[in-house]
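The values are calculated or read from the model by the stated rules, or taken from the named source; none is laboratory data. What you see is a predicted model; the values in this text were computed from it and never measured. Neighbour counts run over all protein chains shown; Cβ positions are idealised from the backbone, glycine included. Quick note on the areas: whole protein, heavy atoms, side chains included, nothing else; ligands and nucleic acids left out. Shrake-Rupley method; radii C 1.70, N 1.55, O 1.52, S 1.80 Å.
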Amino acid sequence: LGNLLPEIREANRREDIDADTIRHLTLASDAQQAQWLEFFVDPTERAPRGWQMKQWLWGAEIATDAALFPLDAYAGGIVDDLFRETGSFDEPDQIWALQNAAIARKRDALIADGWSEVIVLDVGARFLAWEHVATAKEDGGRVYIEVRETGEVTAHEGFVTRKEHERRRRHAQSGDKHAADACERSELTQAAENYLTLHRHAAVRHALLAEPAMALRLMLAHAIVGSTLWQVRPEPQQVEKEATAKSLEASKAQAEFASERQAVLALLDLPEDRTRLVRGNGDSYALVELFARLRMHSDAEVMRVLAYVMAETLAAGATVVEALGSFLAVDMRNYWQADDAFFDLLRDKQAINAMLRHVGGDHVADANVSATAKLQKQIMRDYLSGDGRPKVDGWLPRYLEFPFAAYAGRGGRLSNASAQIRSLID
């Protein structure tokens with residue numbers, strides 16, 4: 001109720017307005033409330049109420065005074081309204097393309113002004129002030145751009161979500177010097193990081209098979225320094241989504257790695273139904289038996305086994321995967337193609353719009369800046385398939401490049417891993 005104009009609040013206290021109408025008015029902009037109030041107090045007019053109120057709010061035409069762009073940029077017609085000083089646009093598709101481009105310019109100007117992040121909400125999504133806390137620009141506050149169905153655009157400057165505010169407060173009280181990093185809102189969900197981590201890992205360890213000398217040195221480093229896996233056990237490749245498991249199973253890198261395992265099992269005369277070469281069960285007789293077999297093989301054969309063992313025990317998500325991917329110049333185009341599992345895991349709208357820019361260019365990204373994430377991802381799919389749009393071949397998201405690169409500068413654990421080894425690979 002605090003969002004309502006004082007005159008409307010007073011009418012509500014007098015019970016002159018029914019509860020259903022009041023609920024809808026709380027979601028109206030100040031301009032919409034003022035216009036409704038004019039109807040309400042004018043005895044010659046009938047102010048919309050109840051279900052009509054909802055239709056009036058969200059089925060409204062886009063008025064010319066809502067435009068963020070010069071009116072001479074609009075090539076369509078303008079319908080005059082006898083009851084208002086402003087007219088309305090008669091071609092919504094054209095007006096939204098122009099309005100979205102202007103919103104994109106507004107977003108860029110706010111970022112240039114020093115705001116760390118500017119979030120453009122979906123058309124019709126409401127900025128709920130009670131779910132946010134005012135936060136200064138220098139303290140990491142964001143700008144939320146609210147876009148109404150009527151074309152009205154409001155920039156809410158200097159806010160973070162209440163949950164994030166509480167998380168920051170707890171980290172500050174704990175004295176954690178890395179509190180800012182811990183509170184960073186990653187553009188990737190945990191499931192998306194898992195998807196990318198496993199695809200990158202599969203490609204890097206396959207590339208490692210062709211570099212046994214590097215694998216030997218890496219194995220020695222593991223033996224000397226130790227790691228999360230050197231007890232020794234293989235990487236389990238745990239997945240968080242069934243779609244990720246299916247995507248990984250279809251990966252060229254995964255299939256060729258499985259083929260190499262069969263060759264190594266045959267070389268060592270081990271059962272072909274083993275899904276892992278490394279077992280680490282501590283059986284001393286089995287250890288000596290395998291050692292005796294290895295003594296019968298040439299250096300080249302032993303090095304082939306060594307490279308496979310190192311690859312099988314390479315930890316997914318570890319910083320060393322980032323380093324190896326760069327040292328070996330792994331090109332994920334040889335291993336990966338865009339699939340539904342990848343797009344379905346993307347959630348961050350700012351990153352999705354930047355990815356659309358990467359695929360379709362500035363004009364397409366700006367023209368759809370306030371479109372839903374679902375629609376923007378579908379546009380990217382259309383570019384990659386050539387369905388109604390120019391086909392884009394060989395596209396690779398920055399998330400799968402080596403070194404890793406984020407779209408909105410918030411790549412979470414993958415960005416941190418890449419940053420740690422950047423000075424070593426430059």
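Quick notes on this structure:
- Residue list for segment 399-416, filter: assigned to a helix (DSSP H, G or I) and over 27 Å from Trp115 (Cβ atoms): Leu400
- Options Ala243, Ala215, Ala207, Ala203; residue that is of a type outside the set (S, T, N, Q) and over 23 Å from Leu328 (Cβ atoms): Ala243
- Against the criterion of being under 40 Å from the mean Cα position of the chain (by Cα), loosely packed, with under 14 Cβ neighbours inside 10 Å and modelled with pLDDT of 75 or more, Leu71 qualifies.
- Of all residues making up segment 319-341, the number that are in a loop (DSSP other than H, G, I, E, B) and open to solvent by less than 50 Å² (accessible area, probe 1.4 Å): 6
- The listed residues are Arg233, Arg205, Arg274, Arg185, and the only one of them that is without any contact (Cβ under 8 Å) to a residue 40 or more places away in the chain and among the basic types (Lys, Arg) turns out to be Arg274.
- Checking each residue in segment 274-318 for being in a helix (DSSP H, G or I), under 22 Å from Arg217 (Cβ atoms), open to solvent by 50 Å² or more (accessible area, probe 1.4 Å) and not hydrophobic (A, V, I, L, M, F, W, C) picks out Asp299, Glu301, Arg304.
- Long-range neighbours under 7 Å by Cβ, at least six apart or interchain, first residue over 23 Å from Trp130 (Cα atoms) within segment 1-20, second of a type in the set (Lys, Arg) and open to solvent by 40 Å² or more (accessible area, probe 1.4 Å): Asp18/Arg49
- Residue list for segment 97-109, restricted to those being surrounded by 15 or more Cβ atoms within 10 Å (Cβ to Cβ) and either part of a loop (DSSP other than H, G, I, E, B) or within 21 Å of the chain's Cα centre (by Cα) (or both): Asn100, Ile103, Ala104, Arg107
- Residue match in segment 121-130 (condition: closer than 21 Å to Thr26 by Cα and assigned to a helix (DSSP H, G or I)): yes
- Count of segment 253-273 residues which are farther than 18 Å from Arg293 by Cβ, in a loop (DSSP other than H, G, I, E, B) and open to solvent by less than 60 Å² (accessible area, probe 1.4 Å): 0
- Residues of segment 112-135 satisfying the condition of being out of contact with any Phe, Trp or Tyr (no Cβ under 6 Å at 6 or more places or on another chain), of a type in the set (A, V, I, L, M, F, W, C) and more than 22 Å from Gly2 (Cβ to Cβ): Ala112, Trp115, Val118, Val120, Val123
- Which numbered condition Val160 misses (of (1) open to solvent by less than 30 Å² (accessible area, probe 1.4 Å); (2) in a helix (DSSP H, G or I)): (2)
- So Leu216, is it open to solvent by 10 Å² or more (accessible area, probe 1.4 Å) and not in a loop (DSSP other than H, G, I, E, B): yes
- When segment 394-426 is limited to residues that are within 14 Å of Glu193 (Cβ to Cβ) and either without any contact (Cβ under 8 Å) to a residue 24 or more places away in the chain or of a type in the set (S, T, N, Q) (or both), the one that is most open to solvent (accessible area, probe 1.4 Å) turns out to be Asn416.
- At least 3 residues being more than 22 Å from Arg148 (Cα to Cα), open to solvent by 20 Å² or more (accessible area, probe 1.4 Å) and out of contact with any Asp or Glu (no Cβ under 6 Å at 6 or more places or on another chain) is the threshold, and among the helices (runs of 4 or more DSSP H) wholly inside segment 342-393 those reaching it are 349-360, 373-385.
- Filter result for Thr189 (within 22 Å of the chain's Cα centre (by Cα), at pLDDT 75 or above and under 22 Å from Glu260 (Cα atoms)): no
- Annotation note: of Glu235, Glu240, the sole residue that is farther than 24 Å from Ser326 by Cβ and at pLDDT below 95 is Glu240.
- Filtered residues of segment 147-157 (kept if in a strand (DSSP E or B) and within 22 Å of Thr86 (Cα to Cα)): Val147, Val153, Thr154
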